[in-house]
Every structure is written in structure tokens, then in C-alpha cells.
Amino acid sequence: MPVLTTAPSADEEPPDTGERHRLTAVTGLAALSLDAMASVAYGPEAIVLVLAAAGARGLGFTLPVTLAIAVLLAVLVASYRQVIAAFPDGGGSYAVARTHLGKRTSLVAAGSLVLDYVLNVAVAVTAGVAALTSAFPALYDDRLWLCLAVLGLITAVNLRGIVESAKAFIVPTVVFVGSIFVQIAVGLFRSEPVSTATAAGHASVLADNATTVGALLLLKAFASGCAALTGVEAIANAVPSFRVPRAKRAQHAELALGAVLGLMLIGLSVLISRFHLQPVEGVTVLAQLADASLGHNWAFYVIQFATMILLALSANTSFGGLPVLLKLLARDNYLPHVFALKADRQVHRHGVLALAAVSTALIVFSGGDTNTLVPLFAIGVFVGFTVAQVGMVRHWCQEKGPGWQGKALLNGFGGLLTGVSAVVVTASKFAEGAWLIVIALPLLVAAFEAVHRAYARIGERLGLGRIPEHPHRDRSVVIVPVSSLSRLTSEALTAAASLGDEVRAVTVCHPDPEDRSALHALERSWAEWDPGVPLVRLASQRRALGRPIAAYVRDLMVSEPATRVTVLIPETEPERLWQRLLQNQRGAVVAHAVRKETDAVICRLRFRLRRGCDLR
């Protein structure tokens, strides 16, 4: 017999599968690559500042060092494309390590990424505001409030959904990338700088007693310049945020990110060597390059303004990647399960809010000063890079698919480079504040393990994974606290009669004459009403409410151990939110006492007050 199906009519909307709230390759590039894109504002400068210790001769190695970083970038992009294909549920280095390197290593990777994501938000916001206050010095004293305002704006956009945040950041990203490429293209046709007005009057930071260009200096410059690689892993961490086919779209976005970032880094380094730029105090290298290529005109200010905007908005990379990582940690019982919940628009709201809260604390702690936070930045990401590379080597060795030797060699080489970079960066910045990361990372891993042990104990007590005994019916008694007669009392007793075999109403009396008078009035009204439920008087010498009820329930459970006891607490739910301030919170007091002192089931009956409701 044929099965009849009904096609949806033209007027019917297709079911919302959530795909429209996910990322395409283009919007994913805008939402998850801002950190990496904005790093060209400080990556080349970090290289130049280190090489300046060797004078003009040292600056001649800017391009070779950048080319080495570009090679590492290519290795990382190729590796993370493989990570995306092998781990389409996201998580990046955490997912790789969890599968191939064990629990402890995966937690180290996750902890390093969490720290890097949080620091990225704080550094990005403070750096963007620093660019703003550089253009408008009158705002300098208000930089902390400006940082908090920018962070609040980015948080609000991300709570609307990752697609909305991506759409909002496409234009700034395009303007910034376009202006950098225009600057590079024009500068390549210049034989000498058009203008040096920006650097005029500023002291050079070239060392007077220049050191020799040795392997250690080049290695330190390489490690400092690798700050430009932060954010490369964000797309691999957030694969579930992409539309179907998720892995393919994420791989396209990762490849586009690597190509654009690599071209910008190499192009800017070529211009630095071409114009023989020297680092000066108070002026960024990027500003000098814009001045030399385009002149001190409107184009110069467009690049500066675009840089300022993108630096501030590059915090969005963390808002796209960290909530997904927190979701995976919660799924594996290393974080509270609330981080795995999704709100409307496919938003991990608790992850977004937690990131905003910790970033706010860091910004307040630093007073909105970027230099206080920069020494802590980019260390964690190198740890994550190294773990991911080593994990992928084991992945290829176990899988042994076509060409696995070459892939394993590529990942092994990348792991060696990032591992060396992690050691050099940590050692060189240890006294500047990197020691905080060295302490914070083990503490974070310990916190993950503590949460996991707590969930394991809960699971053991609940018998998770084991077949439970068959359900059976026990005799049940429902206790209803009352203080007066009303519709609420009637509704509570009706609900209690539906829940249990026996219902008992209890009321607490105190030695106060006024309370005794009210009790006698209640007992007379109760006898006149005659609901078929006994009213039990509980005497209390002190003006306590919850403890006498909890003591009565405890005695009942001791005298009748085979009886299930439920305490049904009737409460009103006002029509207006502000009217909750008028409530006496008696129900909360009773619930707290019963929960603390007994194992009885607590049921809080909410009676909604609407217009026309009369509770007399």
C-alpha cells in the first residue's frame, strides 16, 4: 500500500534547522579571523623591535625572519585543515589531544587555549582603545570606560548570534585588508618613501651599542613575530558553527585566512626592508609604512582608523571559538554542563557571558593598559599549536592512509617549530609577567580535573551507565505548609491530593499572643471549611518557620521509613516582575530548611496572579 505524504504548501515556512544561524566560508572568515588579521598591526613590529638590538644590520634580517614565520604559517594552515577534516566536531588541539595524547595533555591544550582566548579579548580591546586615544588624546583618562564600553558592545552583538556578529564585522575586515594590500601594492612601486612626517621628531629605538646578529637574536625575533599567528586555530575550534558541509566550509575559510595573512606579513616586511624603516618611540611600524607608501594624507588616516577598529573588534575571534571549546569541555564533564546549552540563534550564551566577565576583570585589573597584558599574550596558543601538531603525528602513524609519512613529517616539523617558539617566548617574557601563565595553566587544568571528579562521583551515586531497578509504588504523604485560608490554599491541597495517598496541612504557631489569636482564627475557619485534610499545629518557641516544618518531616520519615514524603510549598507568582519585591519569601525559607535537613521531595507550586484573580 503506498504511503501518502503531504508536501508543504507555498505559504508554509520550512522548518528552522538552525542552519541560517550558522557561518558560511566568507562570514566565518570575518567572524573568526579578526584576531589573526589584526596581528599584522603588531607582528612585524615585534620582529623589528627585537632586531633593532643589532642596529641597522639586524633590521636587514626582517624579511628572512618573516619568511620563516610564513613557512610556519603554511605548515599550521595545512595542519589545521587536516584537523578540521579529522575532527569536524571542533575543539582543535583539545580534540586532537583527547583522542591521541591522553586526558592530561588534552586538558593542558584546552587550558592554554582558554587563557589565550581570554587574553586576546583583553589585549584586542585595550589595543583598539589605545589607537583611539592616540588619535584623540583628550580621551586618554577615560580609556578604562571606553574599553568596557567596547567589550559590552562586542558581547551584545555575539549574544545576538554568531552570524549577526560576522555580518557586522565583514565591512571593517574588508576595509582593513583592502587598505593593507593597497598600501603594499603602492609601496612596491616606490623607490623611496613619499613622506616621513609621522616619524619626524620621534627618537629612534635602534641600539647605540648594537649587538651581533646571532642565532639567539634571530630565534627571539622569530618567536616574537609568531604573535602574528595567534588566531590561526580559531576556525578549527569552531567547526560546528559553520553551515553544512561544515568541514569543507571551515577548510576553505582556513585556507583563505592563511593566504591573506601570509601575503600581508610578507608584503609589509618587504616594504620595511625597501624603505629601511627604523622603529621609533610613539609611532607604530604600520603607521610609518602607510606614511611612506601613501603619504601623510586621508589614505594614511583611513589605514589608522581601520587598524583601530579591527584591533578592537578582533576580540570577536575569541567569542566565536571559546564558547565551542567550553561546550566540548562541558560535554566531557570538565566544566559545568550549563556551558553546553544553546540559546536561540545557536548561541552558547553562558560561554559568551563567562568570557566577557573574565575579560572585564582583566581589563579592570590592567586599568585598560595594553602593555600590562601583552607579556601574557600568545604563550598559550603556542602550547596549543605544539600539542595539536604532535597529536596529528600520532594520528597519521595510527591511520597510515595514503601519503601518511609526508603528512606526519609536516606535522612533526611544525610541532618542533612551535615547541621551540613556546619555550623561547615563555623564557624571554617570564620576568615581564609570563610567570602568571606558568602558574595559571596548571591551576586551570586542576580545576578541570576537580569538576570531572565531581561529575564522576555524582554519576556513581546516580548509577549512570547501569540498569536501575524497576520502578514501584510506595505509600506517599504530602505535607502542605499553610498560614491562612485562600484560593492558594485550595489549589495547593487539590494538587497535593493528586500527588499523594495522604495529605497533611501544617501550620507553625509561636508563643506570641498575637500569633496565638491568629492560629485560633485559622483553626476555626479550617473546621468550618472542612477540606477533609487535617491541620497539624507545630509549636515553635522561637520565631522560626522552616526548622519546625523540617523537624516534623524528619520525624515522619524516621517513624514511617517506607513512606515517600513530599513537601508542597504554595507560592504566588505576581503579574509584574517588580511585584516580586512585595513577596515575603516564606516559601524559600521553608524550602531551604527542608532541603538542608531532610531528603524529602520539595515541590514549589506557583499560582500565577492575573487580572481578575481574587485570592480572598
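The values are calculated or read from the model by the stated rules, or taken from the named source; none is laboratory data. The structure presented is a predicted model; accordingly, all values stated were derived computationally and were not measured. With ideal geometry, Cβ positions are generated from the backbone for all residues, glycine too; neighbour counts draw on all protein chains shown.
Do we find a residue being exposed (fewer than 12 other Cβ atoms within 10 Å of the Cβ) and either closer than 19 Å to ARG98 by Cβ or basic (Lys, Arg) (or both) anywhere in region 431-438?
no
Could you grab me the full set of residues in region 96-107 that are in contact with a helix residue (DSSP H, G or I) (Cβ under 6 Å, 6 or more places away or on another chain) and assigned to a helix (DSSP H, G or I)?
Matches in region 96-107: VAL96, ALA97, ARG98, HIS100, THR105, SER106, LEU107.
From the list ALA124, ALA46, ALA70, pick out the single residue that is crowded, with 24+ Cβ neighbours inside 10 Å, of a type in the set (Gly, Ala, Ser) and either touching a Cys at 6+ places or on another chain (Cβ under 9 Å) or in the same structural domain as ALA221 (by TED's automatic domain parsing) (or both).
The match here is ALA124.
Confirm whether VAL285 is modelled with pLDDT under 85 and in contact with a Pro (Cβ under 7 Å, 6 or more places away or on another chain).
Yes.
Hey, THR212 hits all of (1) crowded, with 17+ Cβ neighbours inside 10 Å; (2) at pLDDT below 75; (3) over 30 Å from LEU353 (Cβ atoms) but one; which does it fall short on?
(1)
If the requirement is being in contact (Cβ under 8 Å) with a residue 24 or more places away in the chain and either aromatic (Phe, Trp, Tyr) or over 30 Å from ILE47 (Cβ atoms) (or both), which of these qualifies: VAL424, VAL503, VAL420?
After applying the criteria, what remains is VAL503.
Just to be sure, is LEU493 out of contact with any helix residue (DSSP H, G or I) (no Cβ under 6 Å at 6 or more places or on another chain), surrounded by fewer than 17 Cβ atoms within 10 Å (Cβ to Cβ), under 25 Å from VAL601 (Cβ atoms) and not assigned by TED's automatic domain parsing to the domain that holds SER106?
no
Only one of VAL438, VAL387 is closer than 21 Å to ALA70 by Cα and of a type in the set (A, V, I, L, M); which?
After applying the criteria, what remains is VAL387.
Yes/no matrix, rows are residues, columns are (1) under 30 Å from VAL508 (Cβ atoms); (2) touching a residue at least 12 places away in the same chain (Cβ under 8 Å):
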{"position": "ILE439", "(1), (2)": "no, no"}
{"position": "VAL445", "(1), (2)": "no, yes"}
{"position": "ARG475", "(1), (2)": "yes, yes"}
{"position": "VAL478", "(1), (2)": "yes, yes"}
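May I ask you to verify whether VAL393 is within 30 Å of ALA124 (Cα to Cα) and either modelled with pLDDT of 80 or more or in contact with a Pro (Cβ under 6 Å, 6 or more places away or on another chain) (or both)?
No, not satisfied.
Does ARG580 satisfy being surrounded by 11 or more Cβ atoms within 10 Å (Cβ to Cβ) and at pLDDT below 85?
When the stated conditions are applied, ARG580 passes them.
Modelled with pLDDT of 75 or more and in contact with a helix residue (DSSP H, G or I) (Cβ under 8 Å, 6 or more places away or on another chain): which single residue out of GLY367, GLY320, GLY380 fits that description?
The unique qualifying residue is GLY367.
Spot the failing condition for ILE437; the list is (1) at pLDDT 85 or above; (2) β-branched (Val, Ile, Thr); (3) within 30 Å of PRO336 (Cα to Cα), and only one is missed.
(1)
Which ones in region 424-454 are among the β-branched types (Val, Ile, Thr) and either more than 26 Å from the chain's Cα centre (by Cα) or not in a helix (DSSP H, G or I) (or both)?
Within region 424-454, just VAL424 meets the criteria.
Answer yes if at least one residue in region 459-468 is of a type in the set (Lys, Arg), more than 21 Å from LEU329 (Cβ to Cβ), over 24 Å from the mean Cα position of the chain (by Cα) and loosely packed, with under 15 Cβ neighbours inside 10 Å, and no otherwise.
Yes, some residue in region 459-468 is of a type in the set (Lys, Arg), more than 21 Å from LEU329 (Cβ to Cβ), over 24 Å from the mean Cα position of the chain (by Cα) and loosely packed, with under 15 Cβ neighbours inside 10 Å.
Looking at LEU277, LEU294, LEU265, LEU271, which one is within 35 Å of the chain's Cα centre (by Cα) and in the same structural domain as SER179 (by TED's automatic domain parsing)?
Unique residue meeting the criteria: LEU265.
Tally time: how many residues in region 508-530 are over 26 Å from ALA593 (Cα atoms) and either outside the structural domain of ILE569 (by TED's automatic domain parsing) or not in a helix (DSSP H, G or I) (or both)?
Summing the residues that are over 26 Å from ALA593 (Cα atoms) and either outside the structural domain of ILE569 (by TED's automatic domain parsing) or not in a helix (DSSP H, G or I) (or both) in region 508-530 gives 1.
Go through (1) at pLDDT below 80; (2) more than 20 Å from LEU277 (Cα to Cα) and name the single condition GLY58 misses.
Unmet condition: (2).
Being touching a Leu at 6+ places or on another chain (Cβ under 7 Å) and surrounded by fewer than 24 Cβ atoms within 10 Å (Cβ to Cβ) is the requirement here; does ALA86 meet it?
When the stated conditions are applied, ALA86 does not pass them.
Would you pick out the residues in region 589-616 that are modelled with pLDDT of 85 or more and assigned to a loop (DSSP other than H, G, I, E, B)?
THR598, ASP599, ALA600
So, of the residues in region 344-353 that are buried (at least 20 other Cβ atoms within 10 Å of the Cβ) and assigned to a helix (DSSP H, G or I), which turns out to be modelled with the highest pLDDT?
It comes out as VAL352.
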